[in-house]
Every structure is written in structure tokens, then in C-alpha cells.
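Enquirer: For reference, the structure I am asking about is given below.
The values are calculated or read from the model by the stated rules, or taken from the named source; none is laboratory data. Predicted model only: the values in this text are computed from it and were never measured. Cβ coordinates were reconstructed from backbone atoms using ideal geometry, including for glycine residues, and neighbour counts include every protein chain displayed. Surface accessibility is based on the protein's heavy atoms, side chains included, excluding ligands, DNA and RNA. Shrake-Rupley method; radii C 1.70, N 1.55, O 1.52, S 1.80 Å.
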Amino acid sequence: MPTIAEIAEALQAEAAGNLSIEVDRASEPGTAGPRDLALALAPAWAETLARGTARAAVLWPGADWRALGLQAAVFAPRGRLALAGLTQLLDESPYPAGVHPSAIIDPTARLGRNVGIGPLSVVGPGAVIGDGTRLGPHVTVGTDARIGPQGLLHAGARIGRRVRIGARVVVQPNAVIGGDGFSFVTREPAYVEIARETLGRGEVPVPADPTWHRIHSLGGVAIGDDVEVGSSATIDAGTIRPTSIGDGTKIDNLVMVAHNVVIGRHCLLCGQAAVAGSSVLGDRVVLGGRAGVGDNLTVGNDAVLTANTAALSNVPAGRVMMGYPATRMDVQIESYKALRRLPRLLRDLAAGVPKPRKDE
Amino acid sequence: MPTIAEIAEALQAEAAGNLSIEVDRASEPGTAGPRDLALALAPAWAETLARGTARAAVLWPGADWRALGLQAAVFAPRGRLALAGLTQLLDESPYPAGVHPSAIIDPTARLGRNVGIGPLSVVGPGAVIGDGTRLGPHVTVGTDARIGPQGLLHAGARIGRRVRIGARVVVQPNAVIGGDGFSFVTREPAYVEIARETLGRGEVPVPADPTWHRIHSLGGVAIGDDVEVGSSATIDAGTIRPTSIGDGTKIDNLVMVAHNVVIGRHCLLCGQAAVAGSSVLGDRVVLGGRAGVGDNLTVGNDAVLTANTAALSNVPAGRVMMGYPATRMDVQIESYKALRRLPRLLRDLAAGVPKPRKDE
Amino acid sequence: MPTIAEIAEALQAEAAGNLSIEVDRASEPGTAGPRDLALALAPAWAETLARGTARAAVLWPGADWRALGLQAAVFAPRGRLALAGLTQLLDESPYPAGVHPSAIIDPTARLGRNVGIGPLSVVGPGAVIGDGTRLGPHVTVGTDARIGPQGLLHAGARIGRRVRIGARVVVQPNAVIGGDGFSFVTREPAYVEIARETLGRGEVPVPADPTWHRIHSLGGVAIGDDVEVGSSATIDAGTIRPTSIGDGTKIDNLVMVAHNVVIGRHCLLCGQAAVAGSSVLGDRVVLGGRAGVGDNLTVGNDAVLTANTAALSNVPAGRVMMGYPATRMDVQIESYKALRRLPRLLRDLAAGVPKPRKDE
């Protein structure tokens, strides 16, 4: 277990007091015991700290650690960043090195050094797994998939045929990378497209042959370095070229990335977000929770779609969008506010009142 | 197979006719055969009942069972409640007791009495499984997880490290409990926050170092008694304290509960609903289908978010909310109605008509 | 590997040039090599084609293949349809015939001819698998499930008890068919219904007994022929009759189909769409990405719900709907446009301007 000195060094942070105190784990201030490291990252936590019995804590800069009853303290100028370093330090690798005897490794697969393959995992023909990568139980790695070094694939992760994954990639439980794209075509021009064009005003002709013919997905998926894919997220294979996720992009649970999508570097796709087929996202794009991007669109670098926003047209670089259909955030908020005043306006106009009152 | 007398006793309901008739299963009235128990829970089903050949039925209170051509009847004052009792009676446990020889049980795991572990399931080091709990095939139970008695874990359920689960909990196929939280931080203040503050009007500075640093999830998940978790739902582990689900709360398919969330007792979270990081829900809260709660919010006891509602701020106790952003339901409906009248108002005003017509 | 002549025959398309050229795979025009078949399905791709070194291509009708520097060409009057035939031709079956020695097949299960069961898959008691159907690794087939011929079940697919699946059905990784429905009832009338009736204006009574009683799902799922179910999609079992999916319907990733739902033939349910309990969809219905249908509703034949649309009431046949709540698309677009003009209208009226300006 690390000492306060070791923690301070790992966080590149200043420390004070008895630096040889060892801690077992991090805790909330109010419930921290003598072998816990209390996390009181802002002055608001000072009072709560008194309720616990921690001897050591991570504190905001300038905190008076002695007055708080502590024997040692680490000072974190940026609390959440300290939390990143600290939780990494206190975490342990969840899976050991070595191939569990119940795992099924195809003889043509190649495993790097220090690889771990969990119980009942399957590694298919021609697959390659890089040095130090660890697989939990029940993981599937498909034919000819390539996984880089130092990765972590949790239970039930499904890596499809021909998927390429970079270094240090984390795949959460039951995520699916490389399932087939949702791509179908009718013999005649699709009535959906006709409906779109007429905005639903015209008659939609019933097709003589409504059969959907499947376009197979041959392109696989290409994932960069330092990517994370959340629990039960799905990233579909491309049609003839790979669906592509750039370095450092983080994808949350239940997110859907459709076939042929290209996502840049250092993007964040929060829970249940979705990018429809063939759309292209730039670098550092943020999709808030359940934000969606329609098919065949582009979203520029540094654009932000707030939670629940649905983009139905291209989004310029740096733009912050909100609503459905997505609109510039300030414009959308102005619309929402005006809408709240509309019922009274209608009543006032009906009653002959000349001007709307300035409410809200 | 149960007799009508046994069914009536189990449902604590009144019965009439030949109570010794045995039935094999419940059926819709129109397709019920002589060994089926027809379910005609309201007078609207009377006509349909004549099309089938059931000898016995569950009927609404006061129904004339003889006139309906039946030999026996059970009367259900509250139909859906009767359905609960009846379907439970007719269901059988899907998995037998005993450890399937293909399952991998770590020698340090402890199994209670009458436990069932299905084919190819994995129970990790230090895990504890309570009396009578049954696991289907392909279930993963992580290191040091504790599962209470009389539970049911279906195929592909993933129970992560250090997850605590109470008694009589049902986990549907491919649900993930205890995946890592989606928690990342940049070295500099995140540009997302800057964008939020300026509502997207200002310039969003491109960060010198856009790298997302991972905050590890050490807190696990704590789930109470009588909870149900739907197919492919995900409940993420907390950062340093557990994500928490109260007794009797029911969670539907594809729902996302993020890290550090606290959910009270007897809540309902319907399909695809989501609660973002660190938010707190009271007791008996209902989230309709695809309703969402933003991060770091509180939702009071007995609040209802109707389907598709997205709460972007705190919701008081007992409040019924609708829309995006979530608004009191009656206010939201008034807004929607006013919006439908707005195009005509704009036309009327442009044409110089003094008052809007009272349409709709 | 197929020749140009064979490809043209398979696509029922015209071809020109050296028809004996063999190709290994399809490629985008700009990156196609000498053994690739470049796909240039519209004149817009002509320029890009020059950057690659393909000898053969699929071209738009009337294209001058010699001028494009090619030695052979196939002409596709409907590009995406050609893509369907072509990708099928170039794809190979992902799983071999035969039962992998690590698979667990119950002795009472029956397998047809030429069936493939992947590593560590489980086929339960009484299950039946039709001729030529292939299961990947880690697939679960429940007790008494029946799967038709020529199907394809990918890794981690969960087929529940009593599920019936037709011919040529494709189930993508981690899809769940036949989990339990989300169906619960309180002893007293549910306060949610009371809240709905009062639109949230009245007081919601706190129930004396908030316990949710489970209605078990005994009805299974019935899936027709030629259906596809996407990655991590979930289709719940019906209560006493099966949840039902018609022939030729395609269901995308993370879609939720609730208990007792009936879906017609040749429908498309795009990513993250949802149909709540007991609703009925006609034939050829299209739900765009994340479109939702509330519970106990009907959606007529050929109706289209655009992406993100939420239907809270019945949708007539042939209607194109948009928005939340779902409204006829042209009406909804008019509302959106009017809403954008509303803030200025309010300002103008407050300032005493008699008529709104005709902007936008």
C-alpha cells in the first residue's frame, strides 16, 4: 500500500506532515477510517472531514491540515486531476497474466508477452494480441482481429472479424466492436426517401417488392490508441472501408457508432449518444448524453452537442448546439424562453391586450 | 398443474364452478383450449371468449361465468395484480440447482445451499453467492462480488468486482453491473465547461493538451433487495463509494445508471432511461421510457418524468415533468398547444388581423 | 476469387472489357489496387478513381470506362443494390459447420444438417436448430427454443426459453431475444396513472404499499423469416402470447422491443429505436434512429417516424411523423420555423411594432 510520500510523488503534488503514513484506499471524508485517504478536494468538505477518522487526506490548496485534525496531507490544485492519478495508483489490474486453461485459443492466433486470457475466452484464427494486454472472462476475439499492447478487454466484450485496435485501449463489459452495419436496400427507390422529399404531404407509394436486401459489412473497424469503449456500446463494421475511431477518444455505455462513421481524436461520446451511418466527426468533439448525429453529416472540430441534442444537419467547428433539431445553444435557449411566454401572449391577444407583459 | 381451487387460493380470489379442473397454462380468451385458463379480465373480452374452447377463466368481478359457457371461474378484482400471481404460479424456475461441470468456480468463492450455476459460467475469487440463487449459462461474477439469496442471474449477466447485490434480485440477460464509470479529466479546465458557461457564444479555446485522463472506478455498486435489472442495462461502479440502487427498484432494458448515482426504493426506470453521473433519485420515482436525468441533479420522492423527458435541473418531490428541457406537465402541454397555433398567429399578424382565432 | 464476368452475372448487370480479370475485394476508388474492384457508383467518384490503380470497377450507367483508365467495368443502374449483391458475393461465412468440442449441447436438443456450433456455445434442453444455421462462439440457446434453417447467430447472442425464430435470421452479437418483459403492478391503483390523469396538477398520493409485483413473461417471442436483429438489441418475451416480429423486418443495434409488441413485415427499426409494451406496428413501418412508440398504440402500414420522433398517440397508415410529441412532418417543420421567429415577435410586440417582419 502506498505512503503519502509515494502518492504525492505520483500526483506531482505537494505534501505535508507525516509522509510515511500508509493508506489502503481512498474514501469520502465523512466515512474515512484511519487507514483511508480522505478526499476533501474543496473547502465544502471540511466539516464532513471531522466526522471521519482519517489521519491523511487530499486537500484543496492552502488548506490548514493541522486544524482539520490530520497528521498528513497532499495538496491538489486541480481536484479531479488528482483523483485521476490517485484512483489509478490505488487500482489493481483486474486480470492476471497467463492463459486460463479453459480459454480456447486458435493455434494460428499469436499472443504477445505478458498477455492474460481469462476463463472461457475465445481467440479466433489469425488474431494477434499485443504485449501486456489482458482479457477478462467470456471475451470473444474474432478471426484476424488485431489488438495492440497494454489493452484491457472486460467480460463479454465482442471483437469482430478484421477489427484493428490500438495500444492501451479499454473495452468495457459486453461492448460490441465490429458487428454488421445496418445497411439495406430495396430494388425500387426506397419509399422512405420519397416520404422525406415530400415531407409527408404526398402519397407514399406502396412498393411492389418491399424486400430489404442486405449490404454486407466487409470493412471492419479501426480503433486508435488510448480509446475507451463503454459497456454494451456498439461500433459497427464499415461496408468496404473501416469505421474509424481516433486516438484518445472515449465512448460511454450504450453508445452507438454506425457503419462507415469516422470519429476524430480526443472526442467524448457520453452515454447513449449515437452517430448514424457515414457521418464524420472532427477532433475534440463532445456529444453529451444521448446526443445524436444523423447520417451522412459532418461535425467540425471542438463542436459540442449538449445532452439530448439531435443534429439533423452539419455542425460547424467550435459550435455549441442544443435541442431537436439542433440549434445554436443561445438561440435555442431564447426559443425555449419565448415558448414559455407564448400561452400568455395568445391569451392576451385574444383579450385585446395590446402588449405582452414582461414576465419571466 | 394447478387446479382452479389452487389458483384461487394463490391469488386470494373468489372462485365458482368445478374447482377441481386442472389447467396447463394461461391463454388469451380467443385462442384458449380446454386445458387452458382463459384470461378475460374485463367485459371487453367476453365476446372473444366465445371463440375459444376454455372450460375455465379468470374473469372480472360479477361476470356471469355460466352464460359465458364456462365450467369454472376465478374472479379478479384487480386484473393485472391477478396476472402477477397467476403468471408466477405457472412459471417454472429456468435453471436447476447444482454446479454444471463446465462452470469455472474459483476455489476461494463460496456458494450457499441449493445454488445453481449454469454451463460455462464463471465465479471469481472471493465471490459469495447466497442460498437458492440460480445462475444461467455464460454468467460472469467478478472478484469479491456478493450476491444475496434467492436471486436469478440470466445468461450473459456481468457482475463486476466488489459489487454487492441483495436478496431476490433478478438480472436479465447481458446486463452489466459494475463496469467502469465514464469519468475523465483534462489537465487544463475542460473547454466543455467553458462552452457551457458562455452558452456557445464565445470562442472555445482549443486546449494545448486535449488528453483525457481516466478516473478509475474503485467504489463498486450496491444493489438492495427485490431489484430487477433489465436486458443489456448498465449500472456503472462508483468512483470511491458505491453507485447505489434501493430495495424494490425495477430497471428496464438498455437503461443506463452512471457512476456515483444514488437511486431510492421502489422506483421504476423504464426502457432506455438514463441517470447521469452523481445524480440522486428519491423513493418511488418513475422515469418513463427514455426519460433522462442530467448529472449532479436531485429528483424528489414520487416525481414522475414522462416518456422522453429530459431533466436538466432538479425536480421537486411529487412533480410530474414532461419535455426537453423537463417542465411541469401541464405547463408543457400548454406550450405544445400554443406552439401549434403559432404559425397561424404569425400569418394573422402579418396580414393585419387584430386577434388570433380561437382554434383548437 | 470471382472474375468480372462472374460478378456481372451475380449482379445481373452489364459488363465490358476484359471479363476474365479476377478481383480479391471491393475498395473505395482512391485506394483501390490492381486486384481490387473499385466502387465508383456515381460520376462524383470519377476523379478519385484516377488516384487508385484499379484495373476494374463498378461504374454508373453510361460511364466511359476506357477514359477512366480501366480494363474492365460492371455497370450498376442502382448503385446500392449492386453493393448488396457484390458485398454478399465477396463475404464468406464467418463460422464453419460442425460442433466445436467445447460447446455444450443438451442431449435432448436436435441439430439439423450442416449446422455449426461455435466454441463455448450452449444449446439447452429441447432446443431445435435448423439445417445450415451457424452459431458463433458464446451463443446461448434456451430451453425449447426453435431456430429455423440457414440462420446466423453471432457471439454472445442470447435466445431465451420458448423463442421461435424463422429461416435465414441474422442475430448480431450480444442481442437478447426473450428476456422477461418489464411488467409490474402495485396492489393499489398505481399513482403513476393518477398522475397521468391529473397531468401533474393534483397531489400524487403516496401509496401505502409501494411494492411492485412482477408479472412473469410466459409467452416467448415469435420471429419470422429473413429478420435481422442488431447488436445489443433486446426483444422481450410476451406475457401469455408471444411478442411477434414479422417476416423481413430489420432491427438495428440497441433497439428495444417490449413485451407483447406485434411488428409487421418488412419494417425497419433504426438504431436505438423503441416500441413500448403491447403496441402494434403494421407492415413496412420505418422508425428512424431513436424514434419511439409509446405503449398500447398502433402505427399503420407504411408510416414513417423520422429520427428522434416520439409517438404518444396512434399513427395512421402512410403518415410521416416528426418531433416530440410526434406530429405530421410538415406541420412540425412549420412549428419549428415559427418558434425561431417567436423571440423577435415578442420583442416587436413589446416595442409596439404592429406587424412582425417577414424574416427567414
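Enquirer: At what distance in nm do the modelled label points of A:N114 and A:N296 sit from each other, each positioned 7 Å from its Cα along Cα→Cβ?
Expert: That separation, rounded to one decimal, is 4.8 nm.
Enquirer: Over both sides of the B-A contact, add up the buried accessible area with a 1.4 Å probe and give it to the nearest 100 Å².
Expert: Its buried surface, counting both partners, is about 6000 Å².
Enquirer: Continuing with this model, one more query. With the full set of protein chains in place, find how many percent of the accessible area of region A:1-66 is carbon and sulfur; take the probe as 1.4 Å.
Expert: C and S atoms contribute 49 percent here.
Enquirer: Under a crude label model (7 Å from the Cα following the beta-carbon direction), how far is B:A208 from B:N314 in nanometres?
Expert: 3.8
Enquirer: Something else: Could you give the dipole magnitude of region A:4-90 about its Cα centre, charging the beta-carbon of Lys and Arg +1 and that of Asp and Glu -1, in debye to the nearest 20?
Expert: Details: 7 positive and 9 negative charges, 30 e Å.
It works out to roughly 140 debye.
Enquirer: Sticking with this structure for a sec: In peptide C:167-179, how many Cβ atoms from other protein chains are near each Cβ within 10 Å, on average? It would help to have the intermediate numbers written out before the result.
Expert: Numbers: counts 0, 0, 0, 2, 0, 9, 16, 16, 7, 12, 2, 4, 10.
Mean shielding by partner chains, rounded to a whole number: 6.
Enquirer: Same structure again: Can you tell me how region A:130-181 classifies by the Cα gyration tensor, rounded, prolate or oblate, using a/c under 1.5 as the rounded cut?
Expert: Since a/c reaches 1.5 but b/c is at least a/b, the shape of region A:130-181 is classed as oblate.
Enquirer: If you don't mind, there's one more thing I want to ask. Which residues, if any, in region C:129-150 lose at least 50 square angstrom of accessible heavy-atom surface (probe 1.4 Å) when the other protein chains sit next to their chain rather than the chain being alone?
Expert: Output list: C:H138.
Enquirer: Given chain C, what whole percent of its Cα pairs are spread farther than 35 Å?
Expert: Every Cα pair in chain C considered, those over 35 Å come to 46 percent.
Enquirer: Hey, another quick one. Give the Debye-formula value of log10 I(q)/I(0) at each listed q (0.22, 0.23, 0.28 Å⁻¹), with one equal scatterer per alpha carbon of region C:213-258, two decimals each.
Expert: Reported log10 I(q)/I(0), two decimals: -0.75, -0.80, -1.01.
Enquirer: List the residues of region B:260-297 for which accessible area in the full set of protein chains is at least 30 Å² lower than for the chain on its own; 1.4 Å probe, protein heavy atoms only.
Expert: Hits at the 30 Å² cut-off: B:H266, B:L268, B:Q272, B:R284, B:V286, B:R290.
Enquirer: Of C:S244, C:V299, B:G148, which is farthest along the charge dipole of the protein assembly as shown in the positive direction, counting Lys and Arg as +1 and Asp and Glu as -1 at C-beta?
Expert: So the residue we want is C:V299.
Enquirer: Which distances in nm, rounded to one decimal and ordered from shortest, link the label point of A:E6 to the equivalent label points in the other identical copies, with labels set 7 Å from Cα toward Cβ?
Expert: Between copies, matching label points for A:E6 lie 6.2, 6.2 nm apart.
Enquirer: Further, regarding this structure: Please compute the contact order of region A:4-90 in relative form: average sequence separation of alpha-carbon pairs under 8 Å and at least six residues apart, divided by the residue count, as a percent. It would help to have the intermediate numbers written out before the result.
Expert: Numbers: 176 pairs, mean separation 26.5, N = 87.
So the answer I get is 30 percent.
Enquirer: Let me ask you something else. For every helix of n ≥ 4 consecutive DSSP H residues, a contribution of -39,500 (n - 2.57) applies; sum these over the protein assembly as shown, divide by its total residues, and give [θ] at 222 nm rounded to the nearest 500 deg cm²/dmol.
Expert: One gets -4500 deg cm²/dmol as the mean residue ellipticity at 222 nm.
Enquirer: Answer rounded, prolate or oblate for region A:4-90, using the Cα gyration tensor with square roots of eigenvalues a ≥ b ≥ c: rounded when a/c is under 1.5, else prolate when a/b is larger than b/c, else oblate.
Expert: Rounded shape, in that the Cα axes give a/c under 1.5.
Enquirer: Here's something else I'd like to know. Once you have a ≥ b ≥ c as the square roots of the Cα gyration tensor eigenvalues for region C:96-160, tell me rounded if a/c is under 1.5, and otherwise prolate or oblate according to whether a/b is larger than b/c.
Expert: rounded
Enquirer: OK, next. Ignoring ligands, DNA and RNA, what percent of the 1.4 Å accessible area of region C:239-360 is carbon and sulfur?
Expert: After summing per-atom areas, the C and S share lands at 52 percent.
Enquirer: Can you order the peptides C:82-94, B:150-162 by their average number of other Cβ atoms within 10 Å per residue, highest first? Walk me through the intermediate numbers first.
Expert: Working: C:82-94: 18.1, B:150-162: 27.2.
With the highest mean Cβ count within 10 Å placed first, the list reads B:150-162, C:82-94.
Enquirer: Whole number in Å², please: accessible area per residue of the protein assembly as shown, 1.4 Å probe, ligands, DNA and RNA not counted.
Expert: On the way: 40130 Å² over 1080 residues.
Per-residue value: 37 Å².
Enquirer: Once both labels are modelled 7 Å past Cα along the beta-carbon direction, what's the B:D131-B:R344 spacing in nm?
Expert: For B:D131 paired with B:R344, the spin-label model returns 6.9 nm.
Enquirer: Shortest first, in nm, what separates the label point of A:D64 from those of the same position in the other copies (7 Å along Cα→Cβ)?
Expert: 8.8, 8.8
Enquirer: In cubic angstrom, how much convex hull volume per residue do the alpha carbon atoms of the protein assembly as shown span?
Expert: 189
Enquirer: Also, quick follow-up: Taking every residue in C:221-234, how many Cβ atoms of other protein chains lie within 10 Å of its Cβ, on average?
Expert: Per residue, the average neighbour count from other chains is 5.
Enquirer: Expressed as a whole percent, how much of the Cα-Cα distance distribution for region C:213-325 exceeds 22 Å?
Expert: Of all Cα-Cα distances in region C:213-325, 21 percent exceed 22 Å.
Enquirer: Okay, moving on. For the ranges A:264-274, B:111-121, B:1-11, what's the packing order if you count other beta-carbon atoms within 10 Å of each residue, average per peptide, and put the highest first?
Expert: Per-residue Cβ counts within 10 Å, averaged per peptide and sorted highest first, yield A:264-274, B:111-121, B:1-11.
Enquirer: Also, I was wondering about something else. Counting alpha carbon pairs within less than 8 Å and at least 6 residues apart, what relative contact order, in whole percent, applies to chain A? Could you put the intermediate results ahead of the total?
Expert: Numbers: 993 pairs, mean separation 23.4, N = 360.
After rounding, I find 7 percent.
Enquirer: How many Cβ atoms of partner chains, on average, are near each residue of B:238-247 if near means within 10 Å of its Cβ?
Expert: Mean partner shielding for this stretch: 3.
Enquirer: Separate question: With +1 on each Lys and Arg Cβ and -1 on each Asp and Glu Cβ, how big is the dipole of the protein assembly as shown about its Cα centre, in debye rounded to the nearest 20? Could the numbers behind the result be given before it?
Expert: Numbers: 105 positive and 102 negative charges, 437 e Å.
With only Lys, Arg, Asp and Glu charged at Cβ, the dipole is about 2100 debye.
Enquirer: For the ranges B:40-51, A:295-306, what's the packing order if you count other beta-carbon atoms within 10 Å of each residue, average per peptide, and put the highest first?
Expert: On the way: B:40-51: 15.4, A:295-306: 21.9.
In descending order of packing, they fall as A:295-306, B:40-51.
Enquirer: Now a separate question. Provide an ascending nm list, one decimal, of label-point separations from C:P96 to the equivalent residue in each further copy; define each label point as 7 Å from Cα along Cα→Cβ.
Expert: The answer, with the shortest distance listed first, is 3.2, 3.2 nm.
Enquirer: In whole Å, what is the distance between the alpha-carbon centres of region A:106-175 and region A:234-259?
Expert: Taking the Cα centre of region A:234-259 as reference, the centre of region A:106-175 is 17 Å away.
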